Amino acid sequence: MADFPTETTLHSFKGVDGAPMAWHGMGPEDGRPVILIHGLFSNAQTNWVRYGHAAKLAAKGRRVILPDLRAHGQSAKPHDPSGYSSDILADDNLALIDQLGFGAGDYDLGGYSLGGRTTARMLVRGARPGKAMLAGMGLEGLLDLGGRVSFFRKVLEGIGTHQKFSPEWMAEGFLRTTGGDAKALLLLLDNFPRIQRASLTELSLPILVLTGSEDQDNGSARALAAQLPNAGYVEVPGNHMSAVTLPEMGDAIANWF
């Protein structure tokens, strides 16, 4: 059994197009808010609650806000292309910030993998947290999405056919544990915008770049930190899949926020 709290409260909000979305809360309601965004094929519970990361922030008195991205968790999973558009994930979560009434500097913001990319897009599109975090993300994962999108498309289009123990088979296995919706996720893959290198150099707020020491899935985290004018850089043990399950990841997040 987990030796940390795993109970969260479930809340609803409206996506940028009015779609029904979900976020999960932990910690005191009057604590300083920190919004954490999960990765592709995952959900808030798997990414942040299961391994104790959210509990470590809540123990510091933080109000932890954990949205389920569109096509994930308990949020909307449209099967119509009209439910997706360029920057839909960033815009959904900007809508969440607006509906919660947070002003500039009133909250902190971070994400893992796709959540890190979404965080970066939110910053470029006007989000103004006090601090931010890009975890499980490298420079190439923001500038050029081709390889990763192709990999995940192959996973989703070939469900049930992947060679045992291949990277695709492993990714499909993870998708099954989170109850992912392949049709919705395929539509989402068409709407991952790139980020311009020049946009990164304009992000002057403190940003933690956090990575597993063996994680190169989204390119070089160290190179990403070098592009940001006010970055911290922390390595923890593990690769892209294992680092997020280890206590060192939660410790680093709690130390930053």
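Of everything in the range 153-183, what is surrounded by fewer than 19 Cβ atoms within 10 Å (Cβ to Cβ) and of a type in the set (V, I, T)? Give them in sequence order.
Within the range 153-183, I159, T161, T177, T178 meet the criteria.
Looking at (1) in contact with a strand residue (DSSP E or B) (Cβ under 7 Å, 6 or more places away or on another chain); (2) within 24 Å of Q216 (Cα to Cα); (3) of a type outside the set (K, R); (4) not in a loop (DSSP other than H, G, I, E, B), which one does A90 not meet, given that it meets all the others?
(1)
Among the candidates G83, G73, single out the residue that is of a type in the set (G, A, S) and under 24 Å from M137 (Cα atoms).
G73
Pick from the range 84-106 the residues that are touching a helix residue (DSSP H, G or I) at 6+ places or on another chain (Cβ under 7 Å) and not aliphatic (A, V, I, L, M): which of them is surrounded by the fewest Cβ atoms within 10 Å (Cβ to Cβ)?
Looking at residues that are touching a helix residue (DSSP H, G or I) at 6+ places or on another chain (Cβ under 7 Å) and not aliphatic (A, V, I, L, M), I get D87.
Mind checking which residues of the range 62-80 are basic (K, R) and in a loop (DSSP other than H, G, I, E, B)?
R62, R70, K77, listed by residue number.
Go through the range 98-175 and tell me which helices (runs of 4 or more DSSP H), entirely inside it, have 3 or more residues that are among the charged types (D, E, K, R) and under 19 Å from the mean Cα position of the chain (by Cα).
So the answer is none; nothing clears 3.
Report the residue count in the range 137-152 for those that are out of contact with any Asp or Glu (no Cβ under 9 Å at 6 or more places or on another chain) and modelled with pLDDT under 90.
4
Just to be sure before I move on: is G31 in a loop (DSSP other than H, G, I, E, B) and small (G, A, S) in the structure I sent?
Yes: the conditions hold for G31.
Would you mention how many residues in the range 157-178 are in contact (Cβ under 8 Å) with a residue 24 or more places away in the chain, of a type outside the set (V, I, T) and either more than 17 Å from D217 (Cβ to Cβ) or in contact with a Phe, Trp or Tyr (Cβ under 9 Å, 6 or more places away or on another chain) (or both)?
So the count comes out to 4.
Give the range 184-237 a look and list any residue that's of a type in the set (F, W, Y) and surrounded by 17 or more Cβ atoms within 10 Å (Cβ to Cβ), or say none.
F192
For W23, only one of the following conditions fails: (1) among the aromatic types (F, W, Y); (2) closer than 27 Å to F152 by Cβ; (3) out of contact with any strand residue (DSSP E or B) (no Cβ under 7 Å at 6 or more places or on another chain). What is its number?
Answer for W23: the failing condition is (3).
For the range 1-28, name all the residues that are more than 16 Å from K56 (Cβ to Cβ) and either modelled with pLDDT under 95 or in a strand (DSSP E or B) (or both).
If the condition is that a residue be more than 16 Å from K56 (Cβ to Cβ) and either modelled with pLDDT under 95 or in a strand (DSSP E or B) (or both), then M1, T9, L10, H11, S12, F13, K14, P20, M21, A22, W23 are the ones that fit.
Looking at (1) surrounded by fewer than 19 Cβ atoms within 10 Å (Cβ to Cβ); (2) farther than 25 Å from L156 by Cβ, find the lone condition where V64 falls short.
(1)
The values are calculated or read from the model by the stated rules, or taken from the named source; none is laboratory data. As the structure is a prediction and not an experimental result, all values here were calculated from the model. Virtual Cβ from ideal backbone geometry, glycine too; neighbours counted across all protein chains shown.
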